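**Student:** Just dropping this structure here.
The values are calculated or read from the model by the stated rules, or taken from the named source; none is laboratory data. The structure displayed is predicted, hence computed values, not measured ones. Every residue, glycine among them, receives a Cβ derived from its backbone with ideal geometry; neighbour counts consider all protein chains shown.
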Amino acid sequence: MQRVTRDDVARLAGTSPAVVSYVLNNGPRPVAPATRARVEQAIAELGYRPNLVARALRSTRSNVLGLVVPDSSEGYFTQLTHAVERAAFARGSLVLLGNSAFSREQELRYAESLANMRVDGLLLVRAEVAGAAATHSALDVPVVYLHHHAPAGTAAPSVVLDNKTGGRLTTEHLLGHGYREIGCLTGTARSGPVAERARGWTEAMRAAKRSAGNVVRTGLDRHAARADIRRWLQSPERPRAIMATADGLALDTLTVAAELGLSVPKDLAVIGFGGTDAAAHSWPALSTAGHSFDDFADAAVSTLDQLRENTQPEDRILDVRLTARASCGCD
């Protein structure tokens, strides 16, 4: 079937292609009500759909944002992605998504491809892996780093959580229950959100004059992570409580504890980080720290809007709140 063009609409409406453009773009010149009605009727009859890519090439705005995340199927990033879509849609924009699969190379390739598609701006969630970071300097579009600080030496703003304070908050909550031996379950990255949360755990333990040496670092593969957790919980070094630096790790801990016949929180207290929906529906319900995903996304999209208006916004660090549930010993 041949594609309907703007010229087809103009012929049916008895007007010019330029007038059709004025109707579609609501300007820049006014169109008489009767003429507008004929154009709109012709559009409906022919089923005309504007070529948004071509329009973006002629315009300074595409009403499309790019978003790159490590893995949109992972619970935390699923919720963050949906929240960004809602925040963008509320401002009249759509979102093009790329999954970097925790690869720096793929992250940069997605960022470059989305920039070449003339998106209005990019939200980049850096993967917590070693290697050169995808930077905004050569992308020629506004960039905001979300969840993870911008690479050193770049001027792009960041919207992040107060991760170290959150790590300290969760650990202090466990200490407040009277648990003396508190371990930290974290990732292998030495920088980034997860590493900052682990540093918060270390600060809280040292401030309480407790040992900060019981740390298990595990990778991205969940089967391997559960094997690491199982070895830990079966070893003499099993702690009385665990502060996990991500809800996914905490949920895996609950699963392994159940398989081993350990009662949570009677035998093992667990607290996570992320504030995901899954934490509320685990058994027992998982205590966690986090920030509203909608508020997080809105802050990121509004920061991107400021960049587009040629202002240089400051980095935003959002506070972290604790949601105490049964897994740590709270009612």
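**Student:** Would you pick out the residues in region 270-316 that are assigned to a loop (DSSP other than H, G, I, E, B), within 30 Å of HIS173 (Cα to Cα) and in contact (Cβ under 8 Å) with a residue 40 or more places away in the chain?
**Tutor:** GLY274, GLY275, THR276, SER282, PRO284, ALA285, LEU286, HIS291, ASP315
**Student:** Taking the condition of being aliphatic (A, V, I, L, M) and closer than 22 Å to LEU249 by Cα, how many residues in region 84-109 meet it?
**Tutor:** Keep residues of region 84-109 that are aliphatic (A, V, I, L, M), which gives 84, 87-88, 90, 94-97, 101, 108.
Checking the rest, the ones that are also closer than 22 Å to LEU249 by Cα come to 101.
Total meeting the criteria: 1.
**Student:** Here is a further query. Among the residues of region 45-70, what is the count of those that are within 19 Å of ARG91 (Cα to Cα), in a loop (DSSP other than H, G, I, E, B) and either of a type in the set (D, E, K, R) or modelled with pLDDT of 65 or more (or both)?
**Tutor:** Total meeting the criteria: 3.
**Student:** Then there is this: Given the residues ARG231, ARG226, ARG238, which is the only one that is more than 20 Å from LEU80 (Cα to Cα), part of a loop (DSSP other than H, G, I, E, B) and outside the structural domain of THR81 (by TED's automatic domain parsing)?
**Tutor:** Details: ARG231 fails: part of a loop (DSSP other than H, G, I, E, B); ARG226 fails: part of a loop (DSSP other than H, G, I, E, B).
Of ARG231, ARG226, ARG238, the one residue that is more than 20 Å from LEU80 (Cα to Cα), part of a loop (DSSP other than H, G, I, E, B) and outside the structural domain of THR81 (by TED's automatic domain parsing) is ARG238.
**Student:** Same structure, new question: Looking only at residues in region 168-193 that are out of contact with any Pro (no Cβ under 9 Å at 6 or more places or on another chain) and of a type in the set (Val, Ile, Thr), which one is farthest from ARG240 (Cα to Cα)?
**Tutor:** Only one residue tops the list, namely THR188.
**Student:** Kindly indicate the residue of region 150-197 that is within 20 Å of the chain's Cα centre (by Cα) and among the acidic types (Asp, Glu) and also surrounded by the most Cβ atoms within 10 Å (Cβ to Cβ) among those meeting that condition.
**Tutor:** Only one residue fits best here, namely GLU196.
**Student:** Here's another thing I want to ask about it. From HIS149, HIS173, grab the single residue that is part of a loop (DSSP other than H, G, I, E, B) and not small (Gly, Ala, Ser). Full working, then the answer.
**Tutor:** Numbers: HIS173 fails: part of a loop (DSSP other than H, G, I, E, B).
So the residue among HIS149, HIS173 that is part of a loop (DSSP other than H, G, I, E, B) and not small (Gly, Ala, Ser) is HIS149.
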